[in-house]
Amino acid sequence: MKLIFRIFWFSILAFSFSLQAQDFSLVESKTFKEEADYVRMIRFSPFGNFIAMPLGNNTTNLFDKNWNKVFTTQGDNKALASQCVFSPDERLMIFSKYKNKSDVAVYNIAENRVIQTLQDHEDMIYTLSLSPNGKFLATGGGDDFFLLYEWQEGVFKLIKKIPTTDTKAYSIAFSPDSKDMV
């Protein structure tokens, strides 16, 4: 019995040390060498099936997990790079500066089309955030307010205009339970 007990504990210790000794090295899967402008950000969808890559010249590219381009669009190249988020279920990609510096596009990935354009800002959009439950979208930028939208009947509807204490909004975040926004 003591021998079985010692073998059991030895195997647990050996397993725990082997976990610490694993090499988690990165493997290069794609190199971008000839993009039209600088890469502003790379964003993976929640399940890793899609990759969004906004560029500095306001081009937004969407790739599948094998790096095949699924969608590309370029808005006003003076508007600089867009911001981009995915819905929790990977059905939507939401990105700013679709046609100009102050709009937001809601792109349905399965339908391969923009299903909605939000045009409620007057100045450049710097930030957008989608709540973890996918129900609320917040946008902000050069205006002296944030906008809060709610997903209702297949579209985002403006529900609140929130004044800011500063004239520009560079970041918005939702709490993990989607109940608070800062």
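The values are calculated or read from the model by the stated rules, or taken from the named source; none is laboratory data. As the structure is a computational prediction, the values presented were derived from the model and not from experiment. As a convention, Cβ positions derive from the backbone with ideal geometry for all residues, glycine included, and neighbour counts pool all protein chains shown. The protein model used for the area step is the full one, side chains on, heavy atoms only, and it has no ligands, DNA or RNA in it. Shrake-Rupley method; radii C 1.70, N 1.55, O 1.52, S 1.80 Å.
Please find, among Ile94, Ile115, Ile159, Ile125, the residue that is buried (at least 19 other Cβ atoms within 10 Å of the Cβ), at negative phi and over 13 Å from the mean Cα position of the chain (by Cα).
Criteria check complete, one pass: Ile125.
Within the range 75-91, the set of residues being at positive phi and open to solvent by 20 Å² or more (accessible area, probe 1.4 Å) comprises just one member, Leu80. For the structure I just gave you, tell me whether Asn108 is polar (S, T, N, Q), without any contact (Cβ under 8 Å) to a residue 60 or more places away in the chain and either touching a Ser or Thr at 6+ places or on another chain (Cβ under 7 Å) or open to solvent by 20 Å² or more (accessible area, probe 1.4 Å) (or both). Here the answer is no, as Asn108 does not meet what is asked. The set of residues in the range 146-160 that are touching a residue at least 24 places away in the same chain (Cβ under 8 Å) and in contact with a strand residue (DSSP E or B) (Cβ under 6 Å, 6 or more places away or on another chain) comprises Phe146, Leu147, Leu148, Tyr149, Val155, Phe156, Leu158. The set of residues in the range 44-64 being in contact with a Phe, Trp or Tyr (Cβ under 7 Å, 6 or more places away or on another chain), part of a strand (DSSP E or B) and surrounded by fewer than 17 Cβ atoms within 10 Å (Cβ to Cβ) consists of Asp64 alone. Of the residues making up the range 162-182, just one is charged (D, E, K, R) and surrounded by 14 or more Cβ atoms within 10 Å (Cβ to Cβ), namely Lys168.
Candidates are the residues of the range 149-170 that are among the basic types (Lys, Arg) and outside any loop (DSSP other than H, G, I, E, B); the one that is nearest to Ile125 (Cα to Cα) is Lys161.
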